[in-house]
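Heads up, the thing below is written out as structure tokens.
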Amino acid sequence: MNEAHATEGDGIITYACVEGIATITFNRPHKLNAFDDDMAVALADALRRFDIDPDAHVAVLCGQGRAFCSGADVQKRQLRSEEELRRHGGPQAWGANANELLARSVNWKPVIAAVHGYALGLGFGIALQSDLIVADPDTQFQVTETSRGLAAARHWALLKFRGSGSFATKITLTGRRFSAEEGFAAGVIDQVSAPGAHVEAAQALGREIARNPPLSVRATVRARRWYMAQAEREALLQTDPLKLYLSEDFRESARAFAEKRTPGPFKGR
């Protein structure tokens, strides 16, 4: 039996490993675990810790409070000045991009997202990057990038990579929310848990995986993530040059969200 160990419980990302299963928890519940730059860096550090932890074989990502992750913190990221957006190349600070967290690995251990409440925007993207997704039946998912004036092509590519082509197109173009059951039917979600049991179900799935020889498991994870990263890169090559984060529509959408009003009219510029 592996000895349990954990980070400080009041950190914005916490880490605990028990019997080979590392549980990485988003711990900003008062913001529905919305990501600011510090949280993105802390998650990268936690995933790096998992990757090199000799006692950890599978990781489970989960959220404290009412949500897995409600997306990016609009106040801290999307309402940056135009100068900051240009300097950073987007709403995230330099070195705080959450897009390729799981692509930076040495040991290629599997990661399971245990989602509940809300998995929106950036949070949904983190779940899609994970190797498996276990969802509470009440989870609501959404690609918020579309309504915020940003490109949803990366989410579309990740959804298509999971085999949900027409569904991917529909939810990225409309930006509408969808349920765990709808996602499971479309092949986006791997497992729907009993109510309130999403973390336990993900940990049980992790233990099932961990019973196998670790090097054979990691070989499959490495291959999967290579193809996933390729799909992401190809999508971003199409949209990054557009710099939509500098558009008037992006600015209007971010301001409307912060001011709790309906955005628009959009101008297409």
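What follows is calculated from the coordinates using simple rules that are stated; it is not laboratory data. Predicted model only: the values in this text are computed from it and were never measured. Heads up, the Cβs are rebuilt from the backbone with ideal geometry, glycines too, and the neighbour counts pull from every protein chain shown.
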**Report entry** Least to most buried among 14, 174, 139 (fewest other Cβ within 10 Å first)
**Finding:** 174, 14, 139
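Antiparallel DSSP bridges in the chain: what percent, to the nearest 5? Before the final figure, lay out the partial values.
Numbers: 10 of 30 bridges.
The antiparallel fraction comes to roughly 35 percent.
Can you figure out the FRET efficiency of residue 48 with residue 248, using R₀ = 45 Å and their beta-carbon distance, to the nearest 0.05?
Using R0 = 45 Å, I get an efficiency of 0.75.
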Query - Where labels lie 7 Å past Cα in the beta-carbon direction, separation of residue 234 and residue 262 in nm - result: 3.9
Requested in this report: Using amide H atoms built 1.01 Å from N in the peptide plane, name the residues 5+ places from residue 60, or on other chains, whose amide H lies under 5 Å from its own.
Outcome: 22, 23, 24, 112
Query raised in the report: Using alpha carbons only, how many degrees (0 to 90, rounded to 10) separate the axis of helix 248-258 from the longest principal axis of the chain?
Result: 60
Query raised in the report: Where does each of 190, 38, 136 land when they are ranked from fewest to most other beta-carbon atoms within 10 angstrom?
Result: 38, 190, 136
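Let me know the shape class of the range 18-98, please: from the alpha-carbon gyration tensor, a ≥ b ≥ c as square roots of the eigenvalues, rounded when a/c is under 1.5, otherwise prolate if a/b is greater than b/c, or oblate.
oblate
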Query raised in the report: In nm², what is the average projected area of the convex hull enclosing the Cα atoms of the chain?
Result: 13.6
Query raised in the report: Within the chain, what is the number of lysine pairs with alpha carbons under 18 Å apart, leaving out pairs fewer than eight places apart on the same chain?
Result: 5
Report task. Assuming R0 = 51 Å, can you tell me the calculated FRET efficiency for the pair residue 79 and residue 197, based on Cβ-Cβ distance, to the nearest 0.05? Result -> 0.85
Query - Residue among 197, 185, 210 with the largest mean-square fluctuation in a Gaussian network model of the chain, springs linking Cα atoms under 10 Å - result: 185
Requested in this report: Return 220, 262 ranked ascending by Cβ neighbour count within 10 Å, so the fewest neighbours appear first.
Outcome: 262, 220
Query - Inter-probe distance in nm under a simple model that places probes 7 Å from Cα toward Cβ, at residue 204 and residue 107 - result: 2.6
Query - Sparse-neighbourhood loop sites, chymotrypsin sites (Phe, Trp or Tyr not before Pro) in the range 204-269 - DSSP loop, at most 14 other Cβ within 10 angstrom - result: 266
Report summary line: Longest principal axis of the chain (C-alpha) makes with the long axis of helix 37-52 (C-alpha) an angle, in degrees to the nearest 10, of 30
Query raised in the report: Can you give the angle from 0 to 90° between the axis of helix 198-210 and the longest principal axis of the chain, with both taken from C-alpha atoms, to the nearest 10?
Result: 50
**Report entry** Sum of -39500 (n - 2.57) over DSSP H runs of 4+, divided by residues of the chain (222 nm, nearest 500)
**Finding:** -12000 deg cm²/dmol
